[in-house]
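Chemist: Just dropping this structure here.
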Amino acid sequence: MKVKLITLSAISALSLGSFAFAQHPKDGNRHSVLEQTTERLNLTPEQKAKVQPIIDQTNPQIQTIRRDAMQKIKTLVDNAMAQIRPMLTAEQQKILDEPQHERRGGLKSPGGQTDQGDQEKPGHE
């Protein structure tokens, strides 16, 4: 029971972290938290002119912090999973691997292994 709880907690943490990161893409198609906040304030053109340089300076810093935090979370979760995985049954390991496999878009062979790696190696057709 403890192993299931730990596994679910770790998966949840990674999922939530990924979700939070996805909410603030760096592609510029969506507004940053600062931009969303200032939009709600209905700033005057004069206020917007003064606020925009602050936003422009702050957003890249926020993105850097967010990337660093996500990498640290991923490292911690990967480490925890590496310790938990050997304690799981084969069926539990398969369940554990499913969300990660689906995110990467790999294909499963009948043995449950991903075919993705073999497709990238020269000489494996």
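The values are calculated or read from the model by the stated rules, or taken from the named source; none is laboratory data. Everything numeric here is computed off the predicted structure, so don't read it as measured data. Here the Cβ is made from the backbone with ideal geometry for all residues, glycine too, and neighbour counts use every protein chain on show. SASA here: full protein model, heavy atoms, side chains in, ligands and nucleic acids out. Shrake-Rupley method; radii C 1.70, N 1.55, O 1.52, S 1.80 Å.
Chemist: Can you tell me which residues in the range 80-98 are over 18 Å from the mean Cα position of the chain (by Cα) and either touching a residue at least 12 places away in the same chain (Cβ under 8 Å) or not in a helix (DSSP H, G or I) (or both)?
Modeler: Once the filter is applied, which keeps residues that are over 18 Å from the mean Cα position of the chain (by Cα) and either touching a residue at least 12 places away in the same chain (Cβ under 8 Å) or not in a helix (DSSP H, G or I) (or both), the range 80-98 yields Ile84, Met87, Leu88, Thr89, Gln92, Lys94.
Chemist: Here is a follow-up. Out of all the residues in the range 45-69, which are of a type in the set (A, V, I, L, M) and touching a Leu at 6+ places or on another chain (Cβ under 7 Å)?
Modeler: Once the filter is applied, which keeps residues that are of a type in the set (A, V, I, L, M) and touching a Leu at 6+ places or on another chain (Cβ under 7 Å), the range 45-69 yields Val51, Ile55.
Chemist: When you look at Ser15, is it at pLDDT 65 or above, open to solvent by less than 100 Å² (accessible area, probe 1.4 Å) and within 18 Å of the chain's Cα centre (by Cα), yes or no?
Modeler: So Ser15 fails the test.
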